[in-house]
Amino acid sequence: MEFKSKIKTIEWNRAKNLSRMVDQLVIPYEYKLVDIKTSNEMFNAIKTMIVRGAPAIGIAGAHGMALAALEISQKTTKKDEFLKLLKEKAEFLKSARPTAVNLMWAVDKQYNLVKNASASVNEMVQMLIDNGIVLENEDIEINKKIGDNGAELVPKKGATILTHCNAGALATVGYGTALGVVRSAFAKDNTIQVFADETRPRQQGARITTFELVMDNIPVTLITDGMSGYFMNKGMIDMVVVGADRIAANGDTANKIGTYNLAIVANYHNVPFYIAAPLSTIDTSIETGKDIPIEERDHEEVTHINGKSICADGVKVINPGFDVTPHELIKGIITEKGVLYPPYNESIEKAFEM
Ligand code: MRU
């Protein structure tokens, strides 16, 4: 089945040597593309969330490295100097957002590609551009595999799948991880439906997930974050699938704030709770979720809605962008290499060997 949306969130433009991306700050009011022409602009696009979602910011990082290489090649043709300046830009790009490991994965992959290459500076620039495009195309293929693997887990015909935040086409290059599972499941059974958490404070569920699903004519019902227990208690949710920003070696998973609450509520009601993510989201250098850095975001995201304060002036605020769901609450991790089950230390290690 072909879906209408065909969203391509981020794409390298070879003719103009720039990165073109969907501006996610204006969805659902507008669907607009923006051109990112420099590595500094890319840093800002990631930081301000013009581009967001772990796999999408990974590709943004890869494109950012290609842009940085283009800039540096205007200043020097000496390889040592080029690599030194490129390394500095790599660290700068990685600092744009700390939790999604796909950003570090893609930027490091780009740097390592040229680090020891016997190539001229101009050849290295071309290698970084080409590899950015390879990673871009691979991302869609990986998501389709995740989607097909996850569709097998949908427990019944006409199931209701609950998701949190946006792990869809717009969080990746296309198709999506958690929403990839939904798309593949819907292609097999068009009576399934989705319940989407609004996802306070940035409303990725309300703004982006509903936008994507409505565009693809997949039935979606928007609920507020506190409603999941109510609907599970009524037996109205058959499965939860969410994305991930970083998965530790033991399966502990960082994802959008509120995911942990959802996992607890799902487990209490015996609703299977799955993570859908590519292997590039698994950080085997981190043993448990305790070591995952959690982004603290602007307090105005909590105190303001549409630019207007909704609370008493001077109130204290804490705004972590992500939380960590312990591995015991996760029934399976859906990857491009199949569904990983506990004990995750072992299944993750095996997946990387495949
Ligand atoms: O802050 P965001 O919008 O970048 O957070 C996105 C999420 O938490 C997604 O669930 C996660 O990145 C997985 S995207 C396939």
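Here is how the numbers come out for the structure above:
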item	result
Qualifying position, being crowded, with 16+ Cβ neighbours inside 10 Å, basic (Lys, Arg) and farther than 30 Å from Thr335 by Cα, among Lys89, Lys75, Lys16	Lys89
Odd one out for Asn190 among (1) within 14 Å of the ligand (Cβ to nearest atom); (2) surrounded by fewer than 24 Cβ atoms within 10 Å (Cβ to Cβ)	(1)
Qualifying residues in region 301-353 (those that are more than 24 Å from the chain's Cα centre (by Cα) and among the hydroxyl-bearing types (Ser, Thr, Tyr)) - the one nearest to Ala263 (Cα to Cα)	Thr303
Residue in region 239-254 that is among the hydroxyl-bearing types (Ser, Thr, Tyr), assigned by TED's automatic domain parsing to the domain that holds Val182, touching a strand residue (DSSP E or B) at 6+ places or on another chain (Cβ under 8 Å) and surrounded by fewer than 17 Cβ atoms within 10 Å (Cβ to Cβ) present	no
Unmet requirement for Thr221, which otherwise passes all of (1) within 16 Å of Val182 (Cβ to Cβ); (2) touching a residue at least 40 places away in the same chain (Cβ under 8 Å); (3) part of a strand (DSSP E or B)	(2)
Output for region 40-65, where each listed residue is under 15 Å from Gly132 (Cβ atoms) and touching a strand residue (DSSP E or B) at 6+ places or on another chain (Cβ under 7 Å)	Met42, Ala45, Val51, Ala56, Ile59, Ala60, His63
Considering residues of region 52-92 that are under 21 Å from Ile247 (Cα atoms) and among the aliphatic types (A, V, I, L, M) only, the residue farthest from the ligand (Cβ to nearest atom)	Ala62
Enumeration of residues in region 201-241 that are charged (D, E, K, R) and farther than 21 Å from Pro28 by Cβ	Lys234, Asp238
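Each row is one residue, and each column tells you yes or no for (1) under 13 Å from the mean Cα position of the chain (by Cα); (2) closer than 30 Å to Arg14 by Cβ; (3) not aromatic (Phe, Trp, Tyr).
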position: Asn149; (1), (2), (3): no, no, yes
position: Glu152; (1), (2), (3): no, no, yes
position: Ala159; (1), (2), (3): no, no, yes
position: His164; (1), (2), (3): yes, no, yes
position: Tyr175; (1), (2), (3): yes, yes, no
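The values are calculated or read from the model by the stated rules, or taken from the named source; none is laboratory data. Computed from a predicted model, the values in this text were never measured in an experiment. Ideal geometry is used to build each Cβ from the backbone, glycine not excepted, and the neighbour counts take in all protein chains shown.
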